[in-house]
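The values are calculated or read from the model by the stated rules, or taken from the named source; none is laboratory data. Please read these numbers as outputs of a predicted model, since none were measured by experiment. Glycine gets a Cβ as well: all are built from the backbone with ideal geometry, and neighbour counts include every protein chain shown.
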Amino acid sequence: MNEAKPFCISKWEVWEAYKRVKANKGAAGVDDRRRTYLHEKFDFLGYTFRARGSMTRKGKHFVSFSPAISAKAAQAIRTEVRSWKLPPTQ
């Protein structure tokens, strides 16, 4: 592992990229996308993916883009169960 791998990237390009990442506090990309995803959501295979609050194993809170059942899928399940015409429970 002592061999250096040659890349055609100048030191200036590496330094500029480093400054952009440092200014962006390590977030993916160099644009201002850290705030826009909080308002994004989409449905896929019966799940709605959107920003949700999560917690690490150590108790630290953060925002995660995670799935949950979509409103459309939940309504379809309720409609199907109601069509069974089950008797009311006591």
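Residues in the stretch 69-90 that are under 27 Å from residue 39 (Cβ atoms) and part of a loop (DSSP other than H, G, I, E, B): 70 alone.
Picking from residues in the stretch 52-68 that are basic (Lys, Arg) and assigned to a loop (DSSP other than H, G, I, E, B), the one that is surrounded by the most Cβ atoms within 10 Å (Cβ to Cβ) is 60. If the condition is being surrounded by 10 or more Cβ atoms within 10 Å (Cβ to Cβ), closer than 30 Å to residue 71 by Cβ and modelled with pLDDT of 65 or more, then the stretch 1-41 contributes 40, 41. Within the stretch 40-83, the set of residues being touching a residue at least 24 places away in the same chain (Cβ under 8 Å) and among the hydroxyl-bearing types (Ser, Thr, Tyr) comprises 47, 70.
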